[in-house]
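Undergrad: Quick one: the structure is below, and I'll ask about it shortly.
The values are calculated or read from the model by the stated rules, or taken from the named source; none is laboratory data. Remember, it's a predicted structure, so these values are computed and weren't measured experimentally. Cβ atoms come from the backbone with ideal geometry, glycine included; neighbour counts cover every protein chain shown. Protein only, heavy atoms only, side chains kept; ligands, DNA and RNA dropped before computing areas. Shrake-Rupley method; radii C 1.70, N 1.55, O 1.52, S 1.80 Å.
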Amino acid sequence: MDNKTALAAALAVKTGLEAAELAQWIETPPDPALGDYAFPCFRLAKALRKAPAAIAAELAAALPLPQGIARCEAAGGYVNFFADTGAFASHVLSRVLREGERYGSSEIGGGRSVCMDYSSINIAKPFHIGHLPSTAIGNSLYRIYNHLGYRSVGINHLGDWGTQFGKMIVAYKLWGSKPVPECTVRELVALYVRFHDEAEKNPGMNDEARAWFKKIESGEEEAVGLWKQFKELTLAEVGRVYERLGVRFDSFAGESFYEDKMQPIIDDLKAKGLLKLDDGASIVDLSAYDMPPCIILRSDGATLYATRDLATAVYRKETYSFVKSLYIVAYQQALHFRQLFKVLELLGYEWVEDCEHVQFGMVSMAEGTLSTRHGNVVYLDDVLDAAVQKTYEIMEEKSPDLIDKRAAAEAVGVGAVVWGVLYTSRIKDTAFAWDKVLNFDGETGPYVQYTHARCCSVLRKAKEAGSGFEAGAIDAALLTDSASMALLKALDAFPEAILAAAEKNEPYLVARATMDIAAAYNKFYYENRIMADEPALRAARLALTEASRSVLKTGLYLVGLQAPERM
RNA sequence: GCGCCUGUAGCUCAGUUGGAUAGAGCAACGGCCUUCUAAGCCGUAGGUCCAGGGUUCGAGUCCCUGCGGGCGUGCCA
């Protein structure tokens, strides 16, 4: 039993209230000098007809202190409790050392599936900074859910269908100068932009594009061949970016995959009387729910985004029998998902409760919105390259003797970019700015990675000097100075942060908990000489360093960063 | 117009689900490397928590109104 629940149990006996409820009242005082846990008595005042301060004083005097709590005192309307620091230090340290890099993991997922739709790029379009939030958030949640015992299913719902591929074919046949596999995505994009320029003068080109897309749909050999080549080329190229980011997927089933899976849904909607004709289009009327109608079929009979997403949702349920299905998509599409989920509900699918639109804010540029067509884009590759390059320069200056400089620079440069996305709550809009991306000081990925490398360095040097520790034989009472205690508290808070991150689908909670540990370690490092002369003290501090190292590595991993041992 | 989101230090953001004196980082200024990685640590300065009401022992946090910003609002995704 941890201190909080033990306290709640003791308070329950004294107050006659539910321990579970009391546990929620217990909070952490703003200043550690006030205590480690606080119980506010204000809510009891009315029922007991006494002043909160008087209640606090009485409780402080009469409460039998559970094991793990050394003392308590009344302060205003609060009872403040002080943990038995030695016992707390021992408890946290031994748990972290025992669980190692699995610290904070759990079995609550029970192997059940959680589907996550993230990144979801368009074929033959550049992978730009606008794609980063979905990719990074999805990748982090993928790791977090797995850490909690779920089976994450990462899905890249490819935008690989539609008339834009007819346009691509027209443009390629007109201006393409080499076989598709030898092109780059940037060259394809240039063709696409040129198509739009020319089509403005020559609208007939749009008809031609539609005709070519029809050929793809009907399986005409040349059209399908080109379409496949565009797709393969894009996936190969973007695959390299995913590799840099450490991102993986279990499925690339995208729009084309669902082409033949929509009819059953349409039939089902008809059978349940939900479909109605309006202005030539087939819609589901959602006015009863204060929403515009969900359009299922265009007036020309073509399917739409919503049609495909209905089929997709059902397919995922049938294929993966998920307990959660997450759509990591920008908030612009909030209405679409509300409509989608409502239609699924009207179809009678109770599991729609388990579907969630995990939305995030927009990425913009100082010059305005990102636009491939207008050339106002920043390619993610360029951003990563710049960050890695700058990292490399810093390393040449600060760690000239580093052997594996290239690999370390890659890990740190990419980490800086990813961390920046995952350090704030999802909903915030971000304006892309080079100087922000290329800042490695303060609350950044490199700071945490640096701290990890610092731990590694200390442990390495200790080993060289023949110093070590035995996990079972640490005198944790030697770690009760304020810096050590602050570090132990930060380590203690880590598992809860992971749970909260999964519950809210907010990776920043893990990032911040990890940052707290790094900051606490740096302070601990500064204030305490780890390689102390006294052997027991040295062993205890080395043990705390090892505990910090492993949790930093886990925290970095959970937000998608590497943890180099030297930098 | 209507709907959703958002507003905290010059900038970027936290704020334990209503608790004690509102916290970090960046930028600015000052200090600390012949002890384990200075991508670090310490200090100074910086606040009408958008405004006004309300709820109560207590509001940055909950409710209402207004203002500013973003997004969306029937055949794109």
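Undergrad: If amide hydrogens are placed 1.01 Å from N in the peptide plane, which non-local residues have theirs closer than 5 Å to the one on A:VAL358?
TA: Those lying under 5 Å, H to H, from A:VAL358 are A:TYR327, A:ILE328, A:VAL329.
Undergrad: Here is a follow-up. Work out how much length A:GLU443 to A:ALA20 would gain on full extension: take 0.36 nm times their residue separation and subtract the Cα-Cα distance, in nm to one decimal. Intermediate values should be presented prior to the final figure.
TA: Working: separation 423, 0.36 × 423 = 152.28 nm, distance 3.56 nm.
Full extension from A:GLU443 to A:ALA20 adds 148.7 nm.
Undergrad: Which FRET efficiency value, to the nearest 0.05, do you get for A:ALA433 and A:ILE394 by plugging their Cβ-Cβ distance into 1/(1 + (r/R0)^6) with R0 = 25 Å?
TA: 0.85
Undergrad: Could you pull out every residue, at least 5 positions away or on a different chain, whose amide H is within less than 5 Å of the one on A:ILE69? Hs are placed 1.01 Å off N in the peptide plane, and Pro or chain starts have none.
TA: A:ASP84
Undergrad: Sort the following peptides by mean Cβ neighbour count (other Cβ atoms within 10 Å, averaged over residues), highest first: A:269-277, A:116-124, A:173-181.
TA: With the highest mean Cβ count within 10 Å placed first, the list reads A:116-124, A:269-277, A:173-181.
Undergrad: Ok, one more. Where the only charges are on Cβ atoms (+1 Lys, Arg; -1 Asp, Glu), what is the dipole of chain A about its Cα centre, to the nearest 20 debye?
TA: 600
Undergrad: What does the highest-first list of A:554-566, A:71-83 look like by mean Cβ count within 10 Å?
TA: A:554-566, A:71-83
Undergrad: Tell me, rounded to the nearest percent, the portion of alpha carbon pairs in chain A spaced more than 32 Å apart.
TA: The proportion of pairs with Cα distances above 32 Å equals 57 percent.
Undergrad: Per-residue ellipticity at 222 nm for chain A, helices alone: DSSP H runs ≥ 4 residues times -39500 (n - 2.57), over residue total, nearest 500 deg cm²/dmol?
TA: Value at 222 nm, helices only: -17500 deg cm²/dmol.
Undergrad: By how many nm would the segment from A:ASP250 to A:LYS276 grow when fully extended, if each residue of separation counts as 0.36 nm and the alpha-carbon distance is taken off? Walk me through the numbers on the way to the answer.
TA: Working: separation 26, 0.36 × 26 = 9.36 nm, distance 3.69 nm.
In short, 5.7 nm is gained.
Undergrad: Another question, then. Run the accessible area of chain A with a 1.4 Å probe and give the carbon-and-sulfur part as a rounded percent.
TA: After summing per-atom areas, the C and S share lands at 50 percent.
Undergrad: Please give the per residue accessible area of chain A, computed with a probe of 1.4 Å over protein heavy atoms only, in Å².
TA: Per-residue value: 46 Å².
Undergrad: Sorted by mean Cβ packing within 10 Å, highest first, what order do the peptides A:252-258, A:289-295 take?
TA: Details: A:252-258: 19.1, A:289-295: 15.1.
Going from most to least packed, we get A:252-258, A:289-295.
Undergrad: State, to one decimal in nm, how far the label point of A:LYS523 lies from the label point of A:SER106, with both points 7 Å from Cα in the Cβ direction.
TA: My value for the distance between the label points is 2.7 nm.
Undergrad: Could you name the lysines in cross-link range of A:LYS231, using Cα to Cα under 17 Å and dropping any fewer than eight places away on the same chain?
TA: A:LYS125, A:LYS167, A:LYS173, A:LYS178, A:LYS215
Undergrad: Let's see if you can work this out: charge +1 on each Lys and Arg Cβ, -1 on each Asp and Glu Cβ, no other charges. What is the dipole magnitude of the range A:439-527 about its Cα centre, in debye to the nearest 20? It would help to have the intermediate numbers written out before the result.
TA: On the way: 8 positive and 12 negative charges, 57 e Å.
For the range A:439-527, the charge dipole is close to 280 debye.
Undergrad: Right, something else. Between A:GLU220 and A:GLU182, what FRET efficiency comes out of the Förster formula 1/(1 + (r/R0)^6) with R0 = 30 Å and r the beta carbon distance, rounded to 0.05? Don't skip to the end; give the middle numbers.
TA: Details: r = 23 Å, r/R0 = 0.78.
Computed FRET efficiency for A:GLU182 and A:GLU220: 0.80.
Undergrad: Nothing charged except the Cβ atoms of Lys and Arg (+1) and of Asp and Glu (-1): what's the magnitude of the dipole of the range A:262-309 about its Cα centre? Round to the nearest 20 debye.
TA: I would put it at about 120 debye.
Undergrad: I've got another one for you. Looking at this model, which pairs from A:LYS317/A:LYS436; A:LYS228/A:LYS428; A:LYS398/A:LYS463; A:LYS228/A:LYS270; A:LYS461/A:LYS489; A:LYS270/A:LYS324 are more than 30 angstrom apart at the alpha-carbon?
TA: A:LYS317/A:LYS436; A:LYS228/A:LYS428; A:LYS228/A:LYS270
Undergrad: Of A:HIS157, A:GLY109, A:ALA87, whose Cα points farthest to the positive end of the dipole of chain A (charges on the beta-carbon: +1 Lys, Arg; -1 Asp, Glu; origin at the Cα centre)?
TA: Positive-end residue among those listed: A:ALA87.
Undergrad: Let me ask something additional. Multiplying the sequence separation of A:GLU345 and A:LYS173 by 0.36 nm and subtracting their Cα-Cα distance, what value in nm do you get?
TA: Difference between extended and current length: 57.4 nm.
Undergrad: Where a Cα-Cα gap under 17 Å defines reach, which aspartates and glutamates qualify for A:LYS261, not counting those fewer than 8 residues away within the same chain?
TA: A:ASP160, A:GLU217, A:ASP309, A:GLU318
Undergrad: When only DSSP loop residues count, what trypsin sites (Lys or Arg not before Pro) in the range A:490-532 have their Cβ near at most 14 other Cβ atoms within 10 Å?
TA: Qualifying residues, ordered by number: A:ARG529.
Undergrad: For the range A:421-552, report the translational diffusion coefficient in µm²/s to the nearest whole number, using Stokes-Einstein at 4 °C, 1.567 mPa s, and a Kirkwood Rh over Cα pairs.
TA: Rounded to a whole number, D works out at 81 µm²/s.
Undergrad: Let me ask something additional. Could you calculate the FRET efficiency of A:PHE42 with A:ARG71 from 1/(1 + (r/R0)^6), where r is the beta carbon distance between them and R0 is 25 Å, rounded to 0.05?
TA: 0.65
Undergrad: Between A:VAL377 and residues 5 or more places away or on another chain, which pairs have amide H atoms under 5 Å apart, with H built 1.01 Å from N, and which residues are they?
TA: A:SER371
Undergrad: Now a separate question. Which Cα, out of A:ALA8, A:GLY239, A:PHE341, lies furthest along the positive dipole direction of chain A (beta carbon charges, K/R +1, D/E -1)?
TA: Towards the positive end, the residue furthest out is A:ALA8.
Undergrad: For the charge dipole of chain A, defined by +1 on Lys and Arg C-beta atoms and -1 on Asp and Glu C-beta atoms about the Cα centroid, which residue among A:ALA431, A:LEU542, A:VAL224 has the Cα displaced farthest towards the positive pole?
TA: My answer, from the dipole projection, is A:LEU542.
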